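Engineer: Have a look at this one before I ask anything.
The values are calculated or read from the model by the stated rules, or taken from the named source; none is laboratory data. This structure is a prediction, so every number in the text was calculated from the model and none was measured. Cβ coordinates were reconstructed from backbone atoms using ideal geometry, including for glycine residues, and neighbour counts include every protein chain displayed.
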Amino acid sequence: MIMIIKQTKYMKFFFSIFLIGLFCAKAFAIVIPSKPDNYINDYAHILSSSTVAALNSTLKQYEQKTSNQIVVATFPGKLDIPIEDFSTHLENQWKIGQKNKDNGVILVIFPDDHQLRIEVGYGLEGAIPDALANTIIQQEITPAFKAGDYNKGVTAGVTAIMQAAKGEYKSETEAFSAQDALVIFFLIIAVLLVWFLRKIQGGKFPNGGSGRWGGGSGSSSGSSDSFGGGGGSSGGGGASGRW
Amino acid sequence: MKKLLIGISVVILLAILYGISVYNTMVSSQQNVQSSWAQVQNVYQRRADLIPNLVSTVKAYAKHERTTLEDVVKARSAAVSVPPVTLPQDPAQIAQLEKAQQGLSQALSRLMVVVERYPDLKASQNFMALQVELAGTENRIAVERRRFNIAAQNYNAYILRFPQNLLASRFGFNPVAYFQAEPAAQSVPKVNFDQ
């Protein structure tokens, strides 16, 4: 019963993500780049290659430890819609954060427009409330941006976001979840059942019963090496700023 | 005779299986609509929860703006008193919610205009934090409304399409109403990638 409830919850979630994805893919496919392979996506070319490399490796390690995904994206050109809307579309397309944890953060920067936004996934809204996101923008990022030092601003912003989101989630590699326990429990029941049936049928139980095991969709998203995960969503949390 | 019987029972079995799968799809689609509707109500509640704090903060600096503040409080209680529904099947239910929430939005925007006259208030840490929270909440409202509309449109499209429509009303699935889309939701973001 618990399995069934869990499954519908998953389905519901999948379904909503799928629909949103479908909707966005249709309407915005041309302008928003497809999901990137890296944490730092400097489409506007404002960061030095050493900063990009350093942050990429820091954020990779950080994700391995905490499972939180923090992504930076800079875009050239002017924005003709509110940056909040753009960030929502971007998040829907990229699905930053682990599925079911929604623990992703995107730092979106439009240097030509002097606008930026920290878009926080549902799962990190507790760790990074809007006021904190605003403080990070005002105190860590925009002072450096005003001075023209994008490398410093982005590094300081990412560091502050990492600090804030730390401790909210753990990497799930060593965690033994309730779902695993349930699967093992059912397996034991099944073995006992087979043994019992064999016993009462006097050993004439045919091999390979036709019963199939459904459920147990235990897809552990082990984003171990590359930029994996995905499937997180955000509900418009975060803060925007200008400089 | 036996073959015919087997044939008929296979057909019946397939029809039952099809019915089960349609039913399950409707259930999960409706669940999806319900959860996104709950999210919409959540974010509206979040806004309502911010208001007492906002009002008392503004009151401390701007004592003379009694009527504007009273309007906000009144609009808030009107918005909170809209009875919650689990699934908006009647457009009137959405319209009622919409009207109350718009009243609150208008009262709030009048308050924000008034606030401009009080530099001490605007400079206070507490007020700045509240302003950020309020802006974030407005953004969340827009996001969740859009998500609800997508979920509702997909659900409606599924249950109204042939042949599901033959089963939908029998199973008790009725179409849901949705929000009038805001103009912003329709616009396509344009980013110039050429430098």
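Engineer: For the subset of segment A:64-82 comprising residues that are surrounded by 23 or more Cβ atoms within 10 Å (Cβ to Cβ) and either part of a helix (DSSP H, G or I) or within 11 Å of chain B (Cβ to nearest Cβ) (or both), which member is nearest to the chain's Cα centre (by Cα)?
Structural biologist: Once the filter is applied, the top-ranked residue is A:73.
For every residue, the table says whether it meets (1) more than 14 Å from chain B (Cβ to nearest Cβ); (2) modelled with pLDDT of 75 or more.
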residue	(1), (2)
A:159	yes, yes
A:177	yes, no
A:180	yes, no
A:186	yes, yes
A:193	yes, yes
A:208	yes, no
A:222	yes, no
A:237	no, yes
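Engineer: Which condition number does residue A:118 fail, the rest of (1) within 14 Å of chain B (Cβ to nearest Cβ); (2) aliphatic (A, V, I, L, M); (3) in a loop (DSSP other than H, G, I, E, B) being met?
Structural biologist: That leaves (3) as the condition not met.
Engineer: For segment B:1-58, which positions are of a type in the set (D, E, K, R) and touching a residue at least 24 places away in the same chain (Cβ under 8 Å)? Full working, then the answer.
Structural biologist: Just the residues of segment B:1-58 that are of a type in the set (D, E, K, R), to begin with: B:2-3, B:46-47, B:49.
Residues satisfying the conditions are B:46, B:47.
Engineer: Right, next: Name the one entry in B:44, B:61 that is within 14 Å of chain A (Cβ to nearest Cβ), of a type in the set (Phe, Trp, Tyr) and surrounded by 14 or more Cβ atoms within 10 Å (Cβ to Cβ). Quick ask: steps written out before the conclusion?
Structural biologist: Working: B:61 fails: within 14 Å of chain A (Cβ to nearest Cβ).
Answer to the check: B:44.
Engineer: What helices (runs of 4 or more DSSP H) lie completely within segment B:97-195 and have 3 or more residues being surrounded by 19 or more Cβ atoms within 10 Å (Cβ to Cβ) and either within 12 Å of another protein chain (Cβ to nearest Cβ) or modelled with pLDDT under 90 (or both)? Write out each step before concluding.
Structural biologist: Working: elements: B:119-123, B:125-160, B:164-171, B:183-186.
The qualifying helices (runs of 4 or more DSSP H) are B:125-160.
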